[in-house]
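Colleague: One structure, pasted below without further comment.
Read the figures in this text as sums done on the coordinates, not as results from a lab. Not measured: the values here are computed from a predicted model. Glycine also receives a Cβ, built like all others from the backbone with ideal geometry; neighbour counts cover every protein chain displayed.
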Amino acid sequence: MTTTWEFIADCLRQELADYGGLLHLFEQQQCSLFDRDPNAVMGLGAAIEEQARRVATVRARREEAVAAFATEHGQPRHSTLRALLPQIEAAARPLLEALIDEVNALLHRVRRISRHNHTLLTRAIEVHQEVLQQLRPSAFTKTYSPAGMVSLTSPQPATTLCVAG
């Protein structure tokens, strides 16, 4: 099988599209967090996981195509696509460079918004735990791990409230 630069470009385009989809889902999740819509946040969490699996599959496909291209051109299998650009015809290099740059920029945006959403979710959980501790302080026990991290444990299952109506 001969791997051409066109196939690699198609892989990069697909990777770009899938990272864009992941970014969109993270942006929706962020809006749902700000709107305080837990059902939407949970639903988007599942969609984000599925999209992340899709991105991983497409990325692996592209990495395999680049490795095959490198092998076919007498280069080490682990060579980066940028390192392989001299092996590609000059007219195609600007396209591949632009696709590489776009994928990297989108990847950084996805990582940034992912960290931000993670921070928002973590803080929401902390606030929720603080409220529960104030309502039922005897139901929680603080423990410390060997690394000094604090965790809350509940020695008994929490009781539920029923609404009579």
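Colleague: Just to confirm a number: summing +1 for Lys and Arg and -1 for Asp and Glu over residues other than THR4 whose beta-carbon lies under 12 angstrom from that of THR4, what do you get?
Modeller: So the surrounding residues net to -4.
Colleague: Also: Please work out which option in (1) 17.6; (2) 19.7; (3) 15.8 gives Kirkwood radius over Cα pairs in Å calculated from these coordinates, and answer with its label.
Modeller: This structure yields the entry labelled (2).
Colleague: Using 0.36 nm per residue of separation minus the Cα-Cα distance, give me the extension gain between ALA47 and VAL131 in nm, one decimal.
Modeller: 27.3 nm
Colleague: Treat the count of other C-beta atoms within 10 Å as a stand-in for reagent exposure and order HIS73, HIS118 from fewest to most.
Modeller: HIS118, HIS73
Colleague: Among 6-18, 54-66, how do they line up by average Cβ neighbours within 10 Å per residue, starting with the highest?
Modeller: The peptides rank, most packed first, as 6-18, 54-66.
Colleague: Note down the nm distance, to one decimal, between modelled labels 7 Å out along Cα→Cβ at PHE34 and at ALA83.
Modeller: 4.2 nm
Colleague: Something else now. Once the Cβ-Cβ distance between ALA98 and LEU121 is put in as r, and R0 is 22 Å, what FRET efficiency do you end up with, to the nearest 0.05?
Modeller: Given R0 = 22 Å and the Cβ-Cβ separation, E is 0.05.
Colleague: Determine the dipole magnitude for the chain: charges of +1 sit on the beta-carbon of Lys and Arg, -1 on that of Asp and Glu, nothing else is charged, the reference point is the Cα centre, and the result goes in debye to the nearest 20.
Modeller: 560 debye
Colleague: Positive end of the charge dipole of the stretch 5-153 (Lys, Arg +1 and Asp, Glu -1 on Cβ, about the Cα centre): tell me which of LEU25, THR71, GLN14 has its Cα farthest that way.
Modeller: In the stretch 5-153, that residue is LEU25.
Colleague: Here's something else I'd like to know. Testing the spin-label approximation: label points 7 Å from Cα along Cα→Cβ at THR4 and ALA105. State their distance in nm.
Modeller: 2.8 nm
Colleague: Cβ under 11 Å from GLN14's Cβ, GLN14 left aside: what net charge do those residues give with Lys, Arg +1 and Asp, Glu -1?
Modeller: Values: positive: ARG13, ARG54, ARG59, ARG61, ARG62; negative: ASP10, GLU15, ASP18.
Summing Lys/Arg as +1 and Asp/Glu as -1 gives +2.
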